[in-house]
Structures are given as C-alpha cells and as structure tokens.
Amino acid sequence: MQSLLFKFQTIKDATGKLVAIEGLKDIPFEIKRVYYIYGVNEGARRGFHAHRELEQILICIHGSCKIMLDDGTNKTVVTLADPCHGLLVGKMIWREMFDFSRDAVLLVLASEPYNEADYIRNYDEFIRLVNAEVGVQND
Ligand code: TYD
C-alpha cells in the first residue's frame, strides 16, 4: 500500500519543541496547499474518498485520530497521536478519518491545490478504477 509513516525531527530546547517540514526535503513532494481539520464532533467520520493524483501528508498536531486506508485490496488503520509523525497517503488510496479526540487538530500538507475533479467520492467507482489500473499493468 502506498502509505508510509514519517518521523520528523523535533528540535528541542529548554523552552519547548519545534518541528519544521520542507517540501522535497523532508517529504517527497512540493507543498502546494495546507489545510487543517479540527472541532470534529464525537463519533464523526470524514474522508470517504480517494484522489486520482493528489498526495498528502497527514499530521495530528494536537490530540489524536485514526486513519483507515484502503488500496482496493488491503485495509489498514493508523493511529495518529504524535505531532512529529506524518502519514503519507498516496494517490488512489481510499481514506476515512475517525475517532477524533475532542482536541484533535489534523494538519494536511498537500501536493496540489484544491481540485474537486481529482476526488473519487464513490467507493464502487474507486474499486472499478483500481481494478482497471491493475488490468492495464497486467497487459
Ligand atoms: P473534504 O476534502 O471532503 O473533507 P474531508 O475529507 O475531511 O471529509 O472537504 C470538505 C469540504 O471542504 C468540501 O466542500 C470541499 C472543501 N474544501 C476546500 O474548499 N478546499 C480544500 O482544500 C479542501 C481540502 C476542502
């Protein structure tokens, strides 16, 4: 599955901690967009989509949440609860985010500007596209 947990260096001094992330240095793409999700209601689930081209790094910079990743064959759940951990979510991975703590802030670094046309929001379509890609690779 095209997902990977990054551990970013934390710069510590007597006063506290700092994490710096540079595109193409600490992560494999240039950062073209940053957004964050917070104030998620208890029990709420978000995501329910894949992206055709977009790559993202998910960092829970406060609190905790869980990310379910599905490549059409395998599913895995990753808990994010450390501000120096970043989860790379590649293209064509279905993701759902859940179990947000009340205080969770999920920061997302994205490889492209927002583009609704890049979203696949229908799970059946996602499976169809994944299988079509596998078919092309096997030809
Ligand atoms: P969405 O990506 O579906 O959120 P999630 O995956 O967390 O459930 O986006 C929710 C809404 O916000 C949707 O109407 C699109 C809008 N949006 C933007 O306008 N710009 C952005 O960069 C993002 C990520 C979302």
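The values are calculated or read from the model by the stated rules, or taken from the named source; none is laboratory data. All of these numbers come straight from a predicted model, not from anything done at the bench. No Cβ is skipped: glycine too gets one built from the backbone with ideal geometry, and neighbour counts run over all protein chains shown. When the accessible area is computed, the model is the full protein with side chains, heavy atoms only, and any ligands, DNA or RNA have been set aside. Shrake-Rupley method; radii C 1.70, N 1.55, O 1.52, S 1.80 Å.
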Accessible area per residue, Å², the chain with all protein chains present, probe 1.4 Å: 59
Residue-wise HN-Hα coupling along region 98-106, computed from phi with Karplus coefficients 6.51, -1.76, 1.60 (Hz; x: Gly, Pro): 7, 6, 5, 5, 3, 9, 5, 10, 9
Distant-in-sequence amide H partners of Phe48 (H built 1.01 Å from N, under 5 Å): Arg95, Glu96, Met97
Carbon/sulfur fraction of accessible area - region 17-139, other protein chains in place, 1.4 Å, %: 49
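Sum -39500 (n - 2.57) across every DSSP H segment of at least 4 residues in the chain, then divide by the residue count to get the 222 nm mean residue ellipticity, nearest 500.
Values: 1 runs with 16 residues, N = 139.
When only DSSP H runs of four or more count, the value is -4000 deg cm²/dmol.
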Where only C-alpha atoms are counted, convex hull volume of the chain per residue in Å³: 117
The chain: most fluctuating residue of Ile37, Ile11, Ile67 per GNM, C-alpha cutoff 10 Å: Ile11
Within region 63-81: backbone nitrogen closer than 19 Å to the Ile127 label point (7 Å, Cα to C-beta): 68-77
Amide proton proximity set for Gly72, modelled H, under 5 Å, gap of 5+: Trp94
Inverse mean reciprocal Cα-Cα distance (Kirkwood Rh) of region 1-48, Å: 14.3
Alpha-carbon centroid distance for the pair region 6-68 / region 99-139, whole angstrom: 16
Listed residues Leu24, Leu54, Leu87, most fluctuating in the chain (Gaussian network, C-alpha, under 10 Å): Leu24
Gaussian network model of the chain, Cα within-10 Å springs - most flexible of Lys25, Lys12, Lys75: Lys12
Alpha-carbon gyration tensor eigenvalues x 5, square-rooted, for region 27-95, Å: 18, 16, 12
